[in-house]
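Asks: Structure incoming, see below.
The values are calculated or read from the model by the stated rules, or taken from the named source; none is laboratory data. Note that the coordinates shown come from a computational prediction; the quantities given were computed from them, not determined experimentally. Cβ coordinates were reconstructed from backbone atoms using ideal geometry, including for glycine residues, and neighbour counts include every protein chain displayed.
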Amino acid sequence: MSKITPDAIRHVASVARLNLSASEVKKFQTDLEEILKSFDVINSIPTECEPSFQPLEVELKFREDIEEKCLDNPLANTKHSEKGFFRGPKVV
């Protein structure tokens with residue numbers, strides 16, 4: 001007994017807006033049954049093992065958070081500053 005019926009093939013074809021002939025329905029039925037057999041082979045593979053997402057152990061390394069002195073006046077070396085802000089061109 002086949003898992004995929006010709007009616008199922010016709011339904012999928014109608015959803016995809018395809019007009020299939022009787023020979024095309026039979027061909028697709030055979031092809032899809034072979035694909036399902038391939039998935040059965042894949043499903044039969046034992047997978048009862050611990051998954052390995054990384055081939056090597058990943059260790060997170062963080063640097064020490066060191067507090068440092070901030071710049072007192074970051075605009076001290078620019079000639080385009082005024083009262084601690086950048087001075088830009090005048091806009092009318």
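Asks: Going by what's in this entry, would ILE45 be described as in a loop (DSSP other than H, G, I, E, B), within 26 Å of the chain's Cα centre (by Cα) and of a type outside the set (Ser, Thr, Tyr)?
Replies: yes
Asks: Filter the range 64-77 down to residues that are surrounded by fewer than 10 Cβ atoms within 10 Å (Cβ to Cβ) and of a type outside the set (Asp, Glu) and give me whichever is modelled with the highest pLDDT.
Replies: Residue satisfying both the conditions and the ranking: ILE66.
Asks: Also, quick follow-up: Pairs needed: first member in the range 34-60, free of Cβ contacts under 8 Å to residues at least 60 places away in the same chain; second member anywhere, of a type outside the set (A, V, I, L, M); C-beta distance under 8 Å; at least 6 residues apart or different chains.
Replies: Going by the 8 Å Cβ cut-off, the qualifying pairs are LEU36/LYS3.
Asks: If a residue has to be assigned to a helix (DSSP H, G or I) and in contact with a helix residue (DSSP H, G or I) (Cβ under 7 Å, 6 or more places away or on another chain) to count, how many in the range 1-40 make the cut? Give the steps one after another, and end with the answer.
Replies: The first filter runs over the range 1-40 and keeps only residues assigned to a helix (DSSP H, G or I), leaving 6-15, 22-40.
Now restrict to residues that are in contact with a helix residue (DSSP H, G or I) (Cβ under 7 Å, 6 or more places away or on another chain): 6, 9-10, 25, 28-29.
Counting residues in the range 1-40 that are assigned to a helix (DSSP H, G or I) and in contact with a helix residue (DSSP H, G or I) (Cβ under 7 Å, 6 or more places away or on another chain) gives 6.
Asks: Starting from the range 7-25, keep only residues that are in contact (Cβ under 8 Å) with a residue 24 or more places away in the chain, then list their pairs with residues that are among the hydrophobic types (A, V, I, L, M, F, W, C) whose Cβ atoms are within a distance under 8 Å, requiring at least 6 positions of separation or different chains.
Replies: none
Asks: Right, another one. Just one of SER52, SER2, SER21 is at pLDDT 90 or above, out of contact with any Phe, Trp or Tyr (no Cβ under 8 Å at 6 or more places or on another chain) and small (Gly, Ala, Ser); which is it?
Replies: Step by step, each of SER52, SER2, SER21 is checked, and only SER21 is at pLDDT 90 or above, out of contact with any Phe, Trp or Tyr (no Cβ under 8 Å at 6 or more places or on another chain) and small (Gly, Ala, Ser).
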